[in-house]
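Novice: Structure provided below as structure tokens; questions to follow.
The values are calculated or read from the model by the stated rules, or taken from the named source; none is laboratory data. Owing to the predicted nature of the structure, the values given are computational and were not obtained by experimental measurement. So basically every Cβ, Gly included, is an ideal-geometry build from the backbone, and we count neighbours across all protein chains shown. The area values use the complete protein model at the heavy-atom level, side chains included, leaving out ligands, DNA and RNA. Shrake-Rupley method; radii C 1.70, N 1.55, O 1.52, S 1.80 Å.
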Amino acid sequence: MMIDDKNFTLYLSRDEIETSVRAIADRINKDYEGKQVVLVGVLKGAIVFMSDLVRHLKVENEVEFVRLSSYGKARTSSGTVTIIKDIQADIRDKHVLIVEEIIDTGRTLQFLYERLKQSGPASVEIVTLLDKAAKRVVDVPVKYVGRPIDDQFLVGYGLDLEEHCRNLPDIYYLKYPN
């Protein structure tokens, strides 16, 4: 899929993204100084953000991934969460950071947050690059937010449109054709 000026508008440049990622990493480094954290990335979208975040962390960390689905091929959540891949690590008594690239309704994240809390971690916090709070239908305690955003469909930097555009280094707003 090609990016063209007709349907895509630059929303965040790679420099703006980098500034947000560094700011989040700085807060995590301060909050968890001398502690170890387990980063749980939510696949597939969080892979790019999490990769950049890990490179800026000074705290000792372990990386895990989970893959959940509530969208299928649709652009809106179905509300039913399915676990496709679960974490492998024992997180009991560990500090866990759930890493998301974007939060919409919060349903999937609430499911994961509650599920991880049942495993007895020392703490569970949520990290997101983009927070679309206007779309929230359930309350999730998001501690680290790169940027609050309006309700718009974004692609690039891990965000996809039917599995396309994840590799773009910038984030674009998708304008739907009339």
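Novice: Over the chain, with a Gaussian network built from C-alpha contacts below 10 Å, which listed residue (I126, I103, I84) shows the highest mean-square fluctuation?
Specialist: Result: I84 has the largest fluctuation of those listed.
Novice: Sticking with this structure for a sec: Mind checking the dipole of the chain: about its Cα centre, +1 per Lys or Arg Cβ, -1 per Asp or Glu Cβ, Debye to the nearest 20?
Specialist: The dipole magnitude comes to about 300 debye.
Novice: Which net charge results for the neighbourhood of V42, defined as the other residues with beta-carbon distances under 11 angstrom from its beta-carbon, given Lys and Arg at +1 and Asp and Glu at -1?
Specialist: It works out to a net charge of 0.
Novice: In degrees, nearest 10, range 0 to 90: what is the angle between the Cα axis of helix 47-56 and the longest Cα principal axis of the chain?
Specialist: Rounded to the nearest ten degrees, it is 50.
Novice: Relative contact order, percent, of region 60-152 when contacts are C-alpha pairs under 8 Å separated by at least 6 residues?
Specialist: Relative contact order here is 24 percent.
Novice: Hey, another quick one. So which GluC sites (Glu not before Pro) in region 107-178 end up in coil per DSSP with only 10 or fewer other C-beta atoms within 10 Å?
Specialist: Here the sparse-neighbourhood loop sites are E162, E163.
Novice: If you don't mind, there's one more thing I want to ask. I'd like the orientation of helix 107-117 relative to the chain: the angle between its Cα long axis and the longest Cα principal axis, in ° from 0 to 90, rounded to 10.
Specialist: Approximately 10 degrees, to the nearest ten.
Novice: Roughly to the nearest percent, how much of the accessible area of region 65-159 is carbon and sulfur, given a 1.4 Å probe?
Specialist: 45
Novice: Report, in degrees rounded to the nearest 10, the 0 to 90 angle that the Cα long axis of helix 14-31 makes with the longest principal axis of the chain.
Specialist: Once rounded, one gets 20 degrees.
Novice: Still on this structure: What percent of all Cα-Cα pairs in region 87-146 falls into each 5 Å bin, going from 0 up to the bin containing the maximum distance?
Specialist: 4, 19, 31, 23, 13, 8, 1
Novice: So for the chain: antiparallel DSSP bridges make up what percent, rounded to the nearest 5?
Specialist: Numbers: 11 of 37 bridges.
In the chain, DSSP labels about 30 percent of beta bridges as antiparallel.
Novice: May I pose another question? Which value, in debye to the nearest 20, describes the size of the charge dipole of region 1-59 about its Cα centre when Lys and Arg Cβ atoms bear +1, Asp and Glu Cβ atoms bear -1, and nothing else is charged?
Specialist: 280
Novice: Given a cut-off of under 8 Å on Cα pairs at least six residues apart, what relative contact order in percent is computed for the chain?
Specialist: 25
Novice: Rounded to two decimals, what is Rg over Rh for region 12-61 when you use alpha-carbon atoms and the Kirkwood radius?
Specialist: 0.98
Novice: Continuing with the same structure: Please give the per residue volume of the convex hull enclosing the alpha carbon atoms of the chain, rounded to a whole number of Å³.
Specialist: Roughly 110 Å³ of hull volume per residue.
Novice: Moving on. Determine the per residue accessible area of the chain with all protein chains present and a 1.4 angstrom probe, expressed in square angstrom.
Specialist: Numbers: 9340 Å² over 178 residues.
So the chain comes to 52 Å² accessible per residue, rounded to a whole number.
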